[in-house]
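A.B. asks: The structure under discussion is supplied below as structure tokens; questions concerning it will follow.
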Amino acid sequence: DMGGHDTYMHKEIHEQADAVDRALRGRIDDRFSTVHLGGLNLDARDARAVRRVKILGCGTSYHAGQIGAQMIEELARIPADAEPASEFRYRNPVVDPDTLYIAVSQSGETYDVLAAVQELKRKGARVLGLVNVVGSAIARETDGGIYVHAGPEVCVVSTKCFTNMVVSFGLLALHLGRTRDLSVADGKRIIEGLRKLPGQIEEILANEEQIEKLAGEYADAKSMMFIGRVRGYPVAREASLKLKEVSYIHAEAYPASELKHGPLALIEPAMPTVAIVPDDELLEKNRAALEEIKARSGRILAVAHQEQEKADHTIVVPKNEDELDPILMGIPLQLFAYYTAKAMGRDIDKPRNLAKSVTVE
Ligand code: M6R
């Protein structure tokens, strides 16, 4: 039942405020400025013993993991990174007992992720799951974890589950941080930020008409560039994947800092750029990248916290805490992908050549 929406993608994009609300419900502990994650199976001593975090997933879940790794580094100061599970399992990885491994999956059935979990377990590692589907294979094989509570996701293209995964990583980062050096004040600040998310998501979705119009303006592009820096880079990667999957427009994502090392050669009026420009300590650097693109007559669509003078268009999103900004900045670009695909008459819920869960190698 699509409840008045023309596609599941549209419906699921609009379910995100409620979905995030569900992910937060019952987990926040105001007294100790932390969160409780029931199924984690990691006591305070275990949490303090973690030396590294390695996050494994595929596609959108891998992108969520990239944002998660940054949140864990920022809030818990534990070195963390994400890698496609499909690559990890084929490279005879060094499995380290002081590393906490986290497998991320919407379906909980993606074969490459499951195989990575099994390989890790065989080598004696501790593996947690960050999974949407309750009781799925990955949820069963892991030693504990976090359910992301996005609810059923039907569209092949993941939207609300991505958002809830990133929120869940925020909760985990806060939890790990508070067992280590994150201050009470910072814990409070992050909790306040988390609580603002559902309302801010509603604000973004209320801007749908502007985004629909913009999608019409860029739908003639053969190819698009997505750029971001540090917190914005995985957001750019995920937005680029969304556009590819539903519209079949070629898109690539680069760190803004890498532009002058090659991809700048592609910039011309027929190659528009979508830039993620959060109002954080890198704002001036990002603005300089916009200037470089403008100097090559590139068209720019910015997603930012305030109107960007160098951009042709800006989608303004509400500001949260710096660490949590990536949760919100991709949401308008889900709608952008949706409206671009719609203008092109694509089969939005079932893009060609793709399946909702990839249970084969
Ligand atoms: O079910 P999973 O999260 O493990 O699926 C992983 C990827 O196959 C999935 O995210 C894929 O990239 C989606 N089509 C993204 O929209």
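The values are calculated or read from the model by the stated rules, or taken from the named source; none is laboratory data. Worth saying up front: this structure is predicted, and the values here are computed from it rather than measured. Because the Cβ atoms are built from the backbone with ideal geometry, glycine has one as well, and the counts that use them run over all protein chains shown.
A.B. asks: Within region 307-317, can one find any residue that is within 16 Å of the ligand (Cβ to nearest atom) and in contact (Cβ under 8 Å) with a residue 40 or more places away in the chain?
C.D. replies: No: region 307-317 contains no residue that is within 16 Å of the ligand (Cβ to nearest atom) and in contact (Cβ under 8 Å) with a residue 40 or more places away in the chain.
A.B. asks: What's the total number of residues in region 217-257 that are small (Gly, Ala, Ser), crowded, with 23+ Cβ neighbours inside 10 Å and part of a helix (DSSP H, G or I)?
C.D. replies: The total comes to 6.
A.B. asks: Additional query: What about residue 52, is it within 14 Å of the ligand (Cβ to nearest atom) and of a type outside the set (Ser, Thr, Tyr)?
C.D. replies: Against the criterion (within 14 Å of the ligand (Cβ to nearest atom) and of a type outside the set (Ser, Thr, Tyr)), residue 52 does not qualify.
A.B. asks: Right, residue 209: outside any loop (DSSP other than H, G, I, E, B), modelled with pLDDT under 95 and either surrounded by fewer than 16 Cβ atoms within 10 Å (Cβ to Cβ) or touching an Asp or Glu at 6+ places or on another chain (Cβ under 8 Å) (or both) or not?
C.D. replies: Taking the combined requirement at face value, the residue does not satisfy it.
A.B. asks: A further question on this structure: How many residues does region 41-58 hold that are under 22 Å from residue 323 (Cα atoms) and crowded, with 20+ Cβ neighbours inside 10 Å?
C.D. replies: The number of residues fulfilling the criteria is 6.
Table: residues versus (1) hydroxyl-bearing (Ser, Thr, Tyr); (2) within 17 Å of the chain's Cα centre (by Cα); (3) in a helix (DSSP H, G or I).
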residue	(1), (2), (3)
127	no, no, no
164	no, yes, yes
175	no, no, yes
178	no, no, yes
181	no, no, no
186	no, no, yes
194	no, yes, yes
204	no, yes, yes
215	no, no, yes
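A.B. asks: Since residue 246 meets every condition but one in (1) out of contact with any strand residue (DSSP E or B) (no Cβ under 8 Å at 6 or more places or on another chain); (2) modelled with pLDDT under 95; (3) closer than 21 Å to residue 317 by Cβ, which condition does it not meet?
C.D. replies: (2)
A.B. asks: Now for a separate question. Look through region 325-361, keep the residues that are of a type in the set (D, E, K, R) and more than 22 Å from residue 272 (Cα to Cα), and return whichever of them is farthest from the ligand (Cβ to nearest atom).
C.D. replies: 325
A.B. asks: Go through the residues of region 31-45 one by one and say whether even a single one is within 30 Å of residue 208 (Cα to Cα) and either away from the ligand (no atom under 16 Å from the Cβ) or modelled with pLDDT of 95 or more (or both).
C.D. replies: There is no residue in region 31-45 that is within 30 Å of residue 208 (Cα to Cα) and either away from the ligand (no atom under 16 Å from the Cβ) or modelled with pLDDT of 95 or more (or both).
A.B. asks: Here's something else I'd like to know. Could you check region 156-179 and list, in sequence order, the residues that are more than 8 Å from the ligand (Cβ to nearest atom) and either over 15 Å from residue 238 (Cβ atoms) or surrounded by fewer than 24 Cβ atoms within 10 Å (Cβ to Cβ) (or both)?
C.D. replies: 168, 170, 171, 172, 173, 174, 175, 176, 177, 178, 179 - these are the residues of region 156-179 that are more than 8 Å from the ligand (Cβ to nearest atom) and either over 15 Å from residue 238 (Cβ atoms) or surrounded by fewer than 24 Cβ atoms within 10 Å (Cβ to Cβ) (or both).
A.B. asks: Against the condition surrounded by fewer than 24 Cβ atoms within 10 Å (Cβ to Cβ), within 16 Å of the ligand (Cβ to nearest atom) and in contact (Cβ under 8 Å) with a residue 60 or more places away in the chain, how does residue 74 come out, does it pass?
C.D. replies: Working: surrounded by fewer than 24 Cβ atoms within 10 Å (Cβ to Cβ): yes; within 16 Å of the ligand (Cβ to nearest atom): no; in contact (Cβ under 8 Å) with a residue 60 or more places away in the chain: yes.
So residue 74 fails the test.
A.B. asks: Give 294, 260 a once-over and let me know the one that is farther than 23 Å from residue 71 by Cβ, touching a strand residue (DSSP E or B) at 6+ places or on another chain (Cβ under 9 Å) and not in a strand (DSSP E or B).
C.D. replies: 294
A.B. asks: Contact list please: Cβ distance under 6 Å, first residue in region 230-242 and over 25 Å from residue 347 (Cβ atoms), second residue assigned to a helix (DSSP H, G or I) and within 13 Å of the ligand (Cβ to nearest atom), pairs at least six apart or on different chains.
C.D. replies: Final answer for the pair search is 234/63; 234/66.
A.B. asks: Just one of the numbered conditions (1) in contact with a Pro (Cβ under 9 Å, 6 or more places away or on another chain); (2) without any contact (Cβ under 8 Å) to a residue 24 or more places away in the chain is not true of residue 209; which one?
C.D. replies: Residue 209 satisfies all of (1) in contact with a Pro (Cβ under 9 Å, 6 or more places away or on another chain); (2) without any contact (Cβ under 8 Å) to a residue 24 or more places away in the chain except (1).
A.B. asks: Moving on. Count, please, the residues in region 295-337 that happen to be among the aromatic types (Phe, Trp, Tyr) and within 17 Å of residue 17 (Cβ to Cβ).
C.D. replies: Number of matching residues: 0.
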